[in-house]
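Working notes, structure below.
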Amino acid sequence: MRTIRSIALRFFGLFRSRRTDADFSAELESHIALHTDDGIRAGLSPKEARRQALIRLGGAEQTRQAHRERRTLPWLESLVRDFTYGLRTLGKHRVVTAIAILSIGLGIGANATIFSMVSRFVLRPAPVGDPSTLLTLKTMHDGDECCNDFPLPIFNDVRDQTKSFSGIAAYDEILPASIGGSGEPERVWGQAVSANFFDVLELPMMVGRAAGNGGAAGVAAGHGAHGHRVGAWMARCMDAFETRFELPLRHSTARRIHLRDCAAAAGDDRACSLLGSRTPRRIGRSHAGAAHGVACTASSRMLNSG
Amino acid sequence: MGDKTDVWQGTLALMILRTLETMGEQHGYGLARRIEQTSGDLLQLNYGTLYPALLKLEQEGAIRSHWGVSENNRKAKFYELTKAGHRQVKKAAAEWEQTTAILARFLNPAEEA
């Protein structure tokens, strides 16, 4: 308690330094005068008596300094002084300051961005069950990797007949939509997906449920969209919809698997036709432990036969 | 001068408190002289060190100060003990007595036997 009181007083002492300086100078003068009086009474000349008084005091200025150090917090005082000096110097060289602030700011920004990307994509796995079993299905064209959009019948066959995958789902590009409902229209971004998309990705839906079977699709709305408005939009868009949900869509860690000799064909895709005539991307989850080569071969065979 | 001892670290505060307790309110110079006299002129007190010590005690709430007039009509700052100061003297004196008693046992082991 005593220490806290002492520190508080020393802190406030920083702000009334001049007045207490004068007060202590007066006290010191009085001390020297009293001592000098004693010296004169003992038979010394006034000059000698004062000299002796100063000697016994150990120097007036030294005493003032020691008193000042005890009165305030010297380290804080010098810190504040250094800080203000720094600010003054920066103010004098504005161009250098601006360049320094800009470069440091950019440096921090770049580092933060890189770190958040590394953290999101490398350090923290995507919330999709075991990401290593999640594969993007790609077609090959003349030996080169081509596309991963292919027609609905093939998708249906692959989904229904393949044994190497525990499930195959489809998703489309990001779709813009305008949600009206009862309030102001709002532009949201969503994604057309097949009804089994969430099962395959092992992503929990936050609201609602995916509806439809076979070719019917669901819509996943990204972060920030309001659930009820998405629901209203979807209800208007397609009958099969009873879905309302928001979830993060991340499948960037999905690895690619090549389905050889399958021509990519853009065509009728009922799954997503209501959301635009697009051909959805395919994504599959292989059985845990199944070699990717096996999954590839099995699927290729099916695609060829389809 | 060679026979005089410097004030040991940490003892000056107790000397000041004790002197104020016995003499009542006193100005800095009077305190310094009184401490020297009490020590039988064996202590070599640098008067300048007294003031930071007084300030410390004041900051801790053990003493308070006010301006007054000395016996020979000079303006001087007088110090006196507060209630907390009185308590502190008792506590510090008891601690010091215990310390010296323990040391005495080491210095005079024969007494124990």
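No lab work stands behind these numbers, since they all come straight from the coordinates. The shown structure was predicted, so the numbers you read here are calculated from the model rather than taken from an experiment. Neighbour counts run over all protein chains shown; Cβ positions are idealised from the backbone, glycine included.
Here are the numbers for the structure shown:
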item: Gained length - A:TRP75 relative to A:VAL122, 0.36 nm times residue gap less alpha-carbon distance; result: 12.4 nm
item: Reference-scaled alpha-carbon Rg (2.2 N^0.38 Å with N residues) for chain B; result: 1.20
item: Förster radius 41 Å - calculated FRET efficiency between B:ARG64 and A:GLU48 (Cβ-Cβ, nearest 0.05); result: 0.70
item: Full-extension gain in nm, A:ALA22 to A:VAL95, via 0.36 nm per residue minus C-alpha separation; result: 22.0 nm
item: On Cα atoms only, tilt of B:47-59 relative to the major axis of chain B in degrees; result: 80
item: Sequence of A:ILE101, A:ILE40 once ranked by neighbouring C-beta atoms within 10 Å, starting from the fewest; result: A:ILE101, A:ILE40
item: Helix-derived mean residue ellipticity, 222 nm - over chain B, DSSP H n ≥ 4, -39500 (n - 2.57), to 500; result: -18000 deg cm²/dmol
item: Between helix B:12-23 and chain B: long-axis angle, C-alpha atoms, 0 to 90°, nearest 10; result: 70
item: Per-residue Cβ neighbour rank within 10 angstrom, fewest leading, A:LYS163, A:LYS92, A:LYS138; result: A:LYS92, A:LYS163, A:LYS138
item: Residue order, fewest to most surrounding Cβ atoms within 10 angstrom, among B:SER70, A:SER103, A:SER17, A:SER194; result: A:SER103, A:SER17, B:SER70, A:SER194
item: Residues B:TRP96 and A:ARG41, FRET efficiency given R0 of 30 Å [Cβ-Cβ distance, rounded to 0.05]; result: 0.30
item: Segment B:39-60 versus segment A:4-43: alpha-carbon centroid distance in Å; result: 13
item: Cα coordinate range in segment A:27-182, projected on the principal axes (Å, largest first); result: 123, 50, 38
item: Label-point separation, A:ALA8 to A:SER132 (7 Å along Cα→Cβ), nm; result: 6.1
item: On Cα atoms only, tilt of B:83-107 relative to the major axis of chain B in degrees; result: 30
item: Cα-based shape type of segment A:94-149, given that a ≥ b ≥ c are square roots of the gyration tensor eigenvalues and the cut on a/c is 1.5; result: oblate
item: Proximal lysines relative to B:LYS75, as straight alpha-carbon distance under 21 Å, when same-chain residues fewer than 8 apart are discounted; result: A:LYS47
item: Cross-link partners of B:LYS77 among lysines (Cα-Cα below 21 Å; sequence separation of 8 or more within a chain); result: B:LYS56
item: Mean separation of Cα contacts under 8 Å (6+ apart) over length of segment B:1-49, as relative contact order %; result: 51
item: Inter-chain shielding of B:42-49 (mean C-beta neighbours from other protein chains, 10 Å cut-off); result: 5
item: Contact order relative to length of segment A:12-146, as percent, for alpha carbon pairs under 8 angstrom and 6 or more apart; result: 15
item: Charge dipole of chain B about the Cα centre (unit charges at C-beta), most positive-ward option of B:LEU43, B:ASN108, B:ALA84; result: B:ALA84
item: FRET E, pair B:ALA104, A:MET1, Förster distance 41 Å, beta-carbon r, rounded to 0.05; result: 0.80
item: Contact order relative to length of chain B, as percent, for alpha carbon pairs under 8 angstrom and 6 or more apart; result: 27
